[in-house]
Amino acid sequence: MKISTTKINGYSLVKIEGSLTIEYIKNIEQQVDQCLDEGRDVILDFCELSFICSAALSFLLASNQKASAKSLRLAIVNCNNDIRNLFNLTELDKHLSIFSSVEEARRNLES
């Protein structure tokens, strides 16, 4: 798994490549927490993400709650069909902000 973070205006774009499994959750959690501690909204770009485990789903919900507690937002973008279906089946799509593109998420964050 590879994580890269880019700060853009008032948000951070965190790109995750590979598989998001339990052994990598701590790494991504540190990145997201740092962005939130800096007062930045977070966009998680899943364009290169091929797999996500159930523990990572819990991490996403917890991160979304952390963001909300700080009056910030967390958005997820560029999910492949398998990951999008997983969010639909688990009904996480009702609790997470999921967008088709970074641009769409950015517009939403600015509104």
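The amide H of Leu44, built 1.01 Å from its N in the peptide plane, has Val14, Ala75, Ile76, Val77 as neighbours under 5 Å, considering only residues 5 or more places off or on other chains. Each of Ile8 and Glu48 was given a label point 7 Å from its Cα along the Cα-to-Cβ line. The distance between the two points is 1.5 nm. Per residue of the chain, the DSSP helices (runs of n ≥ 4 H) give a summed -39500 (n - 2.57) that works out to -13000 deg cm²/dmol at 222 nm.
To the nearest 20 Debye, how big is the dipole of the chain about its Cα centre, given +1 on the beta carbon of each Lys and Arg and -1 on that of each Asp and Glu? The partial results should precede the final answer.
Values: 12 positive and 15 negative charges, 39 e Å.
So the magnitude is around 180 debye.
On full extension, the segment bounded by Glu110 and Glu23 gains 28.0 nm, given 0.36 nm per residue less the C-alpha separation. Output the antiparallel fraction of DSSP beta bridges having both residues in the stretch 2-110, as a percent to the nearest 5. Here the antiparallel bridges make up roughly 30 percent for the stretch 2-110. Set the Förster radius R0 to 22 Å, insert the Cβ-Cβ distance between Lys94 and Ala69 as r into 1/(1 + (r/R0)^6), and round the FRET efficiency to 0.05. Once the sixth-power term is evaluated, E becomes 0.70. Amide H contacts of Ile52 (H built 1.01 Å from N, in plane; Pro and chain starts excluded): Leu20 sit under 5 Å, all sequence-distant by 5 or more or on other chains. On the beta carbon distance between Ala55 and Asn81, with R0 = 30 Å, the FRET formula returns roughly 0.90.
Every number here is computed from the coordinates shown, using simple stated rules; none is lab data. On a predicted model such as this, the values are computed, not experimentally measured, just so you know. Cβ sites come from the backbone with ideal geometry, for glycine too, and all protein chains shown count toward neighbours.
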